[in-house]
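**Student:** The structure is given below, and queries will be raised subsequently.
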Amino acid sequence: MKSIFSKIIAREIPAKIIAENDEVIVIEDIAPKAAIHYLIIPKLEVRDIQSLAAQDFQVVEPIFKMAQQLSRTVPGAEHFRLLINNGERAGQRVFHLHVHFLAGQLLGD
Ligand code: 5GP
């Protein structure tokens, strides 16, 4: 079964898309924890870091490149945090590897 993020990539469910290329898509998080809270999602559907096969590690480079692009182009995103919740007990809720891109003021729950 497709992950919710794969459905967003396939335009089967809506999301606010910030950027996209062949390797990754960037969407606004539906429940933002910071003034700027994006999710950088590899198009390759991989559950978590443990599930990456040797050839899958090429997903990492486009994620960092996209973070660099966002920091250069999004006002207020020059300084940012990247966060991965990897595994259920670390807070992962969507089991399609993704990186949170957070910038600006953190927002309370
Ligand atoms: P995790 O806890 O797995 O690292 O983060 C999943 C993130 O995805 C959460 O911050 C949550 O708000 C976000 N999220 C979950 N479902 C959707 C959705 O359907 N659309 C968008 N844009 N974000 C989602």
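**Student:** Among the numbered criteria (1) within 12 Å of the chain's Cα centre (by Cα); (2) in a helix (DSSP H, G or I), which single criterion is violated by residue 58?
**Tutor:** Residue 58 satisfies all of (1) within 12 Å of the chain's Cα centre (by Cα); (2) in a helix (DSSP H, G or I) except (1).
**Student:** In the range 18-66, how many are away from the ligand (no atom under 16 Å from the Cβ) and of a type outside the set (A, V, I, L, M)?
**Tutor:** 11
**Student:** Are there any pairs with C-beta distances below 7 angstrom linking a residue in the range 16-27 that is among the charged types (D, E, K, R) to a residue that is near the ligand (Cβ under 10 Å from one of its atoms) and open to solvent by 10 Å² or more (accessible area, probe 1.4 Å), with the two at least 6 apart or on different chains, and if so which?
**Tutor:** Listed by first residue and then by second, the contacts come to 16/28.
**Student:** Output the number of residues of the range 36-49 satisfying the condition of being open to solvent by less than 70 Å² (accessible area, probe 1.4 Å) and either touching a residue at least 40 places away in the same chain (Cβ under 8 Å) or acidic (Asp, Glu) (or both). Walk me through it before giving the result.
**Tutor:** Going residue by residue through the range 36-49, those that are open to solvent by less than 70 Å² (accessible area, probe 1.4 Å) are 36-43, 46, 48.
Still in the list and also either touching a residue at least 40 places away in the same chain (Cβ under 8 Å) or acidic (Asp, Glu) (or both): 36-42, 46, 48.
Going through the range 36-49 one residue at a time, the tally reaches 9.
**Student:** How many residues, within the range 85-109, are assigned to a loop (DSSP other than H, G, I, E, B), open to solvent by 50 Å² or more (accessible area, probe 1.4 Å) and more than 8 Å from the ligand (Cβ to nearest atom)?
**Tutor:** Filtering the range 85-109 for residues assigned to a loop (DSSP other than H, G, I, E, B) gives 85-87, 91-98, 107-109.
If we keep only those that are open to solvent by 50 Å² or more (accessible area, probe 1.4 Å) too, we end up with 93, 95, 107-109.
Adding the requirement that they be more than 8 Å from the ligand (Cβ to nearest atom) leaves 107-109.
Residues meeting the conditions: 3.
The values are calculated or read from the model by the stated rules, or taken from the named source; none is laboratory data. Not measured: the values here are computed from a predicted model. Please note: Cβ atoms are built from the backbone with ideal geometry, for glycine as well, and neighbour counts cover all protein chains shown. Heavy atoms of the whole protein, side chains included, go into the accessibility calculation; ligands, DNA and RNA do not. Shrake-Rupley method; radii C 1.70, N 1.55, O 1.52, S 1.80 Å.
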